[in-house]
Structure formats: structure tokens, C-alpha cells
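Enquirer: Take a look at this one; I'll ask things after.
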Amino acid sequence: MRRPVAAATADAFDGGDAAAPFVLPPLDEPATSQIVERWLPAADPYTVAAIHSQAGGVPLFVEELAQSRLAAAAWYAMRITPAG
């Protein structure tokens, strides 16, 4: 099933009756912590602070960095596990 897509009007691009822009503030560290803990439940405060600093409060970057840490930890665990 296809979802309807909103069509942009020419007025929105030439300064006509465009919607008013709004700016979302960056996430604070407690909000970053909530996102990080979804991917890394045992994340220590230093990891959360590092991800928060690197992501600059952008939710997409927070998730990507947390997933990256999770993947790196899994790869590392796989590499050090003795075979057989």
C-alpha cells in the first residue's frame, strides 16, 4: 500500500505562504542517555558523555554512534573468542 506524499506548492519556494520554520534544540545529556541505553544497556556515563559530545545533540548521530559502538564490541568479542 502506498502512502500519500504531500505535494509542495510553488509558493513555498518563492517566499509565498510557506510554513514558518522552527528550530529544534539539541538533545541534552539525559535525553542522549535514554537513546544510548536502548542500544547499549550497560553503557557507563563516560560512554554516554563521549557519544553526546561527538553527536552534538543530534538524535540521528546519537543512534548511529551507539549502534557503531555495539557493532564494534560484537566484532571485538568475536575476534577474541577462542575457536573450538
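Enquirer: Please go through (1) surrounded by 12 or more Cβ atoms within 10 Å (Cβ to Cβ); (2) modelled with pLDDT under 95 for F13 and return the number of the only condition it doesn't satisfy.
Expert: (1) is the only condition that F13 fails.
Enquirer: Shifting gears a bit: Looking at the range 50-63, which of its residues are on the phi < 0 side of the Ramachandran plot and surrounded by fewer than 14 Cβ atoms within 10 Å (Cβ to Cβ)?
Expert: Initially, the range 50-63 is screened for residues on the phi < 0 side of the Ramachandran plot, giving 50-55, 58-63.
If the condition is that a residue be on the phi < 0 side of the Ramachandran plot and surrounded by fewer than 14 Cβ atoms within 10 Å (Cβ to Cβ), then S53, Q54, L60 are the ones that fit.
The values are calculated or read from the model by the stated rules, or taken from the named source; none is laboratory data. All figures in this text were calculated on a predicted structure; none of them were measured in a lab. Cβ sites come from the backbone with ideal geometry, for glycine too, and all protein chains shown count toward neighbours.
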